[in-house]
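Q: Sharing a structure with you now.
Here, each number is a calculation from the coordinates, and none is a lab measurement. On a predicted model such as this, the values are computed, not experimentally measured, just so you know. Note that each Cβ is placed from the backbone with ideal geometry, even for glycine, and that neighbours are counted across all protein chains shown.
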Amino acid sequence: MHFTWRRGLLRLSTGAGWPSSLRFPHQSCLGFGCFCSRSPPIEVAMDPDHNAPHSMGTTIIGVTYDGGVVLGADSRTSTGMYVANRTSDKITQLTDNVYICRSGSAADSQIVSDYVRYFLHQHTIQLGQPATVKVAANLVRLLSYQNKNMLQMGVIVGGWDKYEGAQIYSVPLGGTILRQPFAIGGSGSSYLYGFFDKEWKEGMSKDEAEKLVVEAVSLAIARDGASGGVVRTVTINADGVARNFYTGDSLPLWHEELEPQDSLLDILSSSSAEPMST
């Protein structure tokens, strides 16, 4: 199947497979109102690359509250334009008291998490006590920085220890490390900076922090095409770790976002559906 614009008309040629390309107006035109043929059009490939590396175009969040941290993430893993996994778990355990939220290349973030988990296990055996959150975050930073030319990942490390309490560390692409009261990352984070500037506050309770994380991830899912699926949260404090899971149909709807439907037949049979005008 092939789409071409020619003097204001969209021409379609059929063939096997997906649409092969879209032809846009030449660069001197200011918009889509002109489709003249004074210069060659721009070809944009539309074939989905199913062999592309798995990436987690993602929304990951870490928030501190009075006594602990809440980590949250969506669950969509993509391969180019194809959703490879709708329910992936992007919050990975490093130790009993430290977890990591992963974004970017799934392979890169998984192998770094595995190495850090191994080193922290050895560290715990040698010291005879659990590793601190700062040690875990700096191990992630060390591996990320030493391999910055080969890794494509950004992570958030969060946890609780008896020395410094609740801590959130952001380790973005390149290996910088920043301790922050809250951190956001992934492709959906660009929609959340203003939201967090307004909604985050010091001294939140556990329930307030978890509600904030769920609302923020659901907002990113509504706006960001690379984020989706369900919302997973992990709460870490002195009492231990608690995991929660929020299905897509339980998330709040934003603005003119449509309610979830079981199938196209439900949409067509609903009383609110109106026929398309031509």
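Q: Could you state the orientation-averaged shadow area of the convex hull built on the Cα atoms of the stretch 177-236, in nm² to one decimal?
A: 4.6
Q: Estimate the FRET efficiency between R243 and L127 by the formula 1/(1 + (r/R0)^6), using the beta-carbon distance for r and 22 Å for R0, to the nearest 0.05. Spell out each step's value before the answer.
A: On the way: r = 27 Å, r/R0 = 1.22.
Calculated value: 0.25.
Q: For a paramagnetic label modelled at 7 Å from the Cα of Y118 toward its Cβ, which residues of the stretch 139-154 fall within the zone defined by backbone nitrogen distances under 19 Å?
A: Once the point is set 7 Å along Cα→Cβ of Y118, 139-148, 150-152 turn out to lie under 19 Å by backbone N, inside the stretch 139-154.
Q: Which of the GluC sites (Glu not before Pro) found in the stretch 176-253 are in a DSSP loop and have at most 12 neighbouring Cβ atoms, other than their own, within 10 Å?
A: Counting only loop positions with at most 12 other Cβ atoms within 10 Å, the GluC sites (Glu not before Pro) in the stretch 176-253 are E202.
Q: Report the gain in length on full extension from R223 to H255: 0.36 nm times residue separation, minus Cα-Cα distance, nm rounded to one decimal.
A: 10.5 nm
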